[in-house]
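> I'd like to ask some things about the structure below.
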Amino acid sequence: MTSRGMSIIVARCLSSFERLFRLDRGLPRSNVRLVVDGLAGALAIGIVAATPVAAQEKPSTLGLGIFTFTSGPAAAYGMPGKNAADLMIDEINAKGGIGGVPVSATYVDEAQGAQGVIAEYRRLAGDAKNQVMIAALSSANCLALAPLAEQLEVPTVGWNCDTHQLLMDGKSKYVFRPNGNTVPEFIAYAIYLLDRKPDVKTVAIINPDYAFGHDAAKIFTAALKALKPDVEIVAELYPKLGSPNYQTEISRLSTARPDVVFSNLWGADLENFVRQAAPRGIFTSSQVILALGETVLQRVPLPDGVIVGVLGDGWWMSPDAKAKPETVKFAEAYKARFGEYPVFPSIKMANALIYVKAAYDTAMQKNGGKWPTRAELADAMKGSKVETLTGTAQTRADNDGLVDQIVGVTIKTPAQQLPMIGDMVRYKGDSLMPQAGQDPLAWIATLKPEFAKSLPKPGSYK
Amino acid sequence: MSNAIIPLLLDSLASAALIFFAAVGLTLVFSVLRVLNVAHGSLYSIGGYVAASICLFIASRQLNPYLSFLALLFSAVGVAAIFGPLIERGLVRWTYGKSEAVQILITFGLFLILEDLQRVIFGVQSFYEDAPMRLLGTTSIGGVVYLNYQILLIAMALLVVVGLRLLINHTRLGRLITAVVADREMAQSIGIDTNRIFILAFSLGVFLAALGGALATPTSGIAPGLGADTMVLAFAVAAIGGLGRIEGAALASLIVGLARVLAIYLAPSLDAVAPYAAMLVVLLIRPYGLFGSVTARRI
């Protein structure tokens, strides 16, 4: 404890002073926040530098700070991630841990808001045993934590950071995303839609009212316009995140009579929307795309023919996943423990832990079996190519990930009680990504119909 | 746009019905007890949770699904019977005659306790039970498919407005409440048991809040945080209508519903601010709300 423990407490208190004692009185708020954050950050850097990690001694446990939503409407998405982390950590520990060190996780609930998440990150980073952060689910929190990760020099793995803005500057040393981002994720839907329904004329969009929803709409629309310029967007709705009632939005969608309804609603919002829209005929009057539809397949009766995907390759029933014994074992263990099969947020979390473990293995291989420092660990993540439960996660020079994109439609099969994904396509991760440093929207605008023709077709992934 | 007029009006009415249920109990309690109950939103969501839980139980035991309609009503009665007297006698009565700040702080504390209590009892996952909605089917109006349950909600809201007016104007209890609202001390001096009136009025407010939550459940999800959202909207409606005025709450619900629906149809980016913009406009013109006044106390 002594001076280091005191420093942690002081750092944490400082970050709360702004609210507690109204330090902002008479000063521009942003300046005060900078000062307070700077002081807390400086203290935390001091703490980090003074930790025994630099000595490369094996700790008694390897702590992971894992950030996800464990309460509120977003918990419908966040809890499957936490469940997967619990299961994976148990499996890792059953096999002797990482480099012989048992893993323990500290979960941080992102529902507390960005200020709380930042304070928790600082607190965890100040503890030497927490060498890696797996953060976060919310893109907004990812963007808030990224500069902190660089400042404190803590390897941070974005297990569900989808926003393409996260690594755009290409200068990140400690933030990694072993997933795709909003650019390939939503271009994939535009291409799949045009392959499946080439005569589409009108599209309506209903996305959550924050960066993820607006970014997705922008990218999906830009891709559609580039590949089929005569497509018209007839309605764009952005209900508040966590909204329980979509009846008016559903009426608005009905009056617009679009050929296609696109949505990247998620969590409880998606469940509520599907339950309310299905009886009102939205799924029969329009081709519906639910970008995160796989997450509700086991909970909500989705009709056949809805275009769904997994924002990456993380479907536990994909041909690649079924061919891997460890994935089948993971899915069955998950089902036995939590009563449901894993949804793609579970797979993303499990893959993030596999990614972290692989980085430790690589780092220790490089330094002759010694316990790596945070810097050595980050170095091992850079440019890595890791076999995951569902494919491969390749890390580019800008720390962004290349992961394949699976898209398909809901079907019912006699072999399965639940709706499955059929007529699938698997787009290669790099085929839908702009080059590092390239402006994504400018790149999308250059796409031509020939580009889509060169890609695999629906039904080709079996 | 012309083909959207009928859906727009229907959506406004359906939206107003849900908003009215959230606000009318708050305004009733304020008119009688002169207490702004910040915990009102929590009682709304507790009504929703209890109704959804009972409906899920009915579905899991494969009982007659029409029992779920009774479950909606009786869950509200149960919540009111338990929480009404408990909160009024245990907490709210200590705030009578105290400043508004004290009343708000105490009921806000209660709100925080009830919100955490819901998390402990019902968990953090979203609840949803749509049996009543499915049982009633759908109707196509103006080319748009509506749930018959939405139309039932509009009828229920009208029924509550008329029922409350009848209760207040044509029953003994209503006259006693009117007397307490007009002059509490005078009512006491002529032998009216004001404590009993307060318990009944507060419990009626809790019943209306819980009924709102229960009736919303078949078409909406119930999740942590709903209480806070409901509370803010209920305050806006009460402020527009004039605190303590039942017809004011009904008209204000219509205004807020129409503002929100118009925003979704015409300017979706203004969806979240539309109810509060409507409140701002009304309060600029009539600072005490549409039916409110500086001195006269009526219900």
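The values are calculated or read from the model by the stated rules, or taken from the named source; none is laboratory data. Every value quoted in this text rests on a predicted model; they were computed, and no experiment measured them. Neighbour counts run over all protein chains shown; Cβ positions are idealised from the backbone, glycine included.
> Could you check A:Ala226 against (1) assigned to a helix (DSSP H, G or I); (2) within 12 Å of chain B (Cβ to nearest Cβ) and say which number it fails?
That leaves (2) as the condition not met.
> Also: Quick check on B:Asn37: is it in a loop (DSSP other than H, G, I, E, B), of a type in the set (S, T, N, Q) and under 14 Å from the mean Cα position of the chain (by Cα)?
yes
> What pairs come up if the first residue lies in segment A:419-439 and is hydroxyl-bearing (Ser, Thr, Tyr), the second is surrounded by 22 or more Cβ atoms within 10 Å (Cβ to Cβ) and at pLDDT 95 or above, and their beta carbons are under 6 Å apart, counting only those six or more places apart or on different chains?
If the second residue must be surrounded by 22 or more Cβ atoms within 10 Å (Cβ to Cβ) and at pLDDT 95 or above, the pairs left are A:Tyr427/A:Ala188; A:Tyr427/A:Gln405.
> Given the conditions (1) more than 16 Å from the chain's Cα centre (by Cα); (2) under 14 Å from B:Phe21 (Cβ atoms), which single one is not true for B:Ala234?
It is condition (1) that B:Ala234 fails.
> Pick from segment A:306-328 the residues that are of a type outside the set (D, E, K, R) and part of a helix (DSSP H, G or I): which of them is surrounded by the fewest Cβ atoms within 10 Å (Cβ to Cβ)?
A:Pro325
> If you don't mind, there's one more thing I want to ask. Across segment B:232-243, what is the total count of residues that are within 14 Å of chain A (Cβ to nearest Cβ) and either touching a Phe, Trp or Tyr at 6+ places or on another chain (Cβ under 7 Å) or of a type in the set (S, T, N, Q) (or both)?
The qualifying residues number 0.
> What about B:Val102, is it more than 14 Å from every other protein chain (Cβ to nearest Cβ), at pLDDT below 95 and within 24 Å of B:Ala236 (Cβ to Cβ)?
yes
> Take segment A:319-349 and flag every residue that is among the charged types (D, E, K, R) and under 22 Å from A:Gly408 (Cβ atoms).
A:Asp320, A:Lys322, A:Lys324, A:Lys335, A:Glu340, A:Lys348
> Working only within segment B:161-206, note down all residues that are closer than 23 Å to B:Phe74 by Cβ and hydroxyl-bearing (Ser, Thr, Tyr).
B:Thr171, B:Ser203, listed by residue number.
> Another question, then. Looking at segment A:110-130, is at least one residue free of Cβ contacts under 8 Å to residues at least 24 places away in the same chain, part of a loop (DSSP other than H, G, I, E, B) and not assigned by TED's automatic domain parsing to the domain that holds A:Leu265?
Within segment A:110-130 (the criterion being free of Cβ contacts under 8 Å to residues at least 24 places away in the same chain, part of a loop (DSSP other than H, G, I, E, B) and not assigned by TED's automatic domain parsing to the domain that holds A:Leu265), the answer is yes, since at least one residue qualifies.
> If I filter segment B:177-221 down to residues being small (Gly, Ala, Ser) and not in a helix (DSSP H, G or I), which single residue comes out as nearest to B:Gln150 (Cα to Cα)?
Taking the candidates together, the pick is B:Ser220.
> Taking the criterion of being more than 13 Å from every other protein chain (Cβ to nearest Cβ) and in contact (Cβ under 8 Å) with a residue 60 or more places away in the chain, would at least one residue in segment B:2-19 satisfy it?
No: zero hits.
> Applying the selection to segment A:72-117, what residues are polar (S, T, N, Q) and within 14 Å of chain B (Cβ to nearest Cβ)?
A:Asn83, A:Gln112
> Scan A:Thr248, A:Thr255, A:Thr221 and give me the residue that is hydroxyl-bearing (Ser, Thr, Tyr), part of a helix (DSSP H, G or I), under 23 Å from B:Asp229 (Cα atoms) and assigned by TED's automatic domain parsing to the domain that holds A:Pro449.
A:Thr248
> Go through (1) free of Cβ contacts under 8 Å to residues at least 40 places away in the same chain; (2) within 14 Å of chain B (Cβ to nearest Cβ); (3) not acidic (Asp, Glu) and name the single condition A:Cys142 misses.
(2)
> I'd like to know if segment B:244-263 contains one or more residues that are farther than 20 Å from B:Gly163 by Cα, more than 21 Å from the chain's Cα centre (by Cα) and within 14 Å of another protein chain (Cβ to nearest Cβ).
Looking through segment B:244-263, at least one residue is farther than 20 Å from B:Gly163 by Cα, more than 21 Å from the chain's Cα centre (by Cα) and within 14 Å of another protein chain (Cβ to nearest Cβ).
> Could you tell me whether B:Pro224 is within 12 Å of chain A (Cβ to nearest Cβ), of a type outside the set (S, T, N, Q) and outside any helix (DSSP H, G or I)?
Criteria met by B:Pro224.
> Among the residues of segment A:277-292, write down those that are more than 13 Å from A:Gly305 (Cα to Cα) and in contact with a Gly (Cβ under 9 Å, 6 or more places away or on another chain).
Result: A:Pro279, A:Ala291, A:Leu292.
> Just give me the residues in segment A:152-194 being in contact with a helix residue (DSSP H, G or I) (Cβ under 7 Å, 6 or more places away or on another chain), outside any loop (DSSP other than H, G, I, E, B) and within 29 Å of A:Lys228 (Cα to Cα), in sequence order.
The answer is A:Thr182, A:Val183, A:Pro184, A:Phe186, A:Ile187, A:Ala188, A:Tyr189, A:Ala190, A:Ile191, A:Leu194.
> Output the number of the condition that A:Ile233 fails; it satisfies all remaining conditions of (1) outside any strand (DSSP E or B); (2) of a type outside the set (Gly, Ala, Ser); (3) surrounded by fewer than 24 Cβ atoms within 10 Å (Cβ to Cβ).
Every listed condition holds for A:Ile233 apart from (1).
> On to the next question. Looking at segment A:375-397 only, could you name the residues that are touching a Phe, Trp or Tyr at 6+ places or on another chain (Cβ under 8 Å) and buried (at least 20 other Cβ atoms within 10 Å of the Cβ)?
A:Leu377, A:Ala378, A:Ala380, A:Met381, A:Val386, A:Thr388, A:Leu389, A:Thr390, A:Ala393, A:Thr395
> If you check A:Pro279, A:Pro198, A:Pro244, A:Pro239, which single one turns out to be more than 10 Å from chain B (Cβ to nearest Cβ) and not aliphatic (A, V, I, L, M)?
A:Pro198
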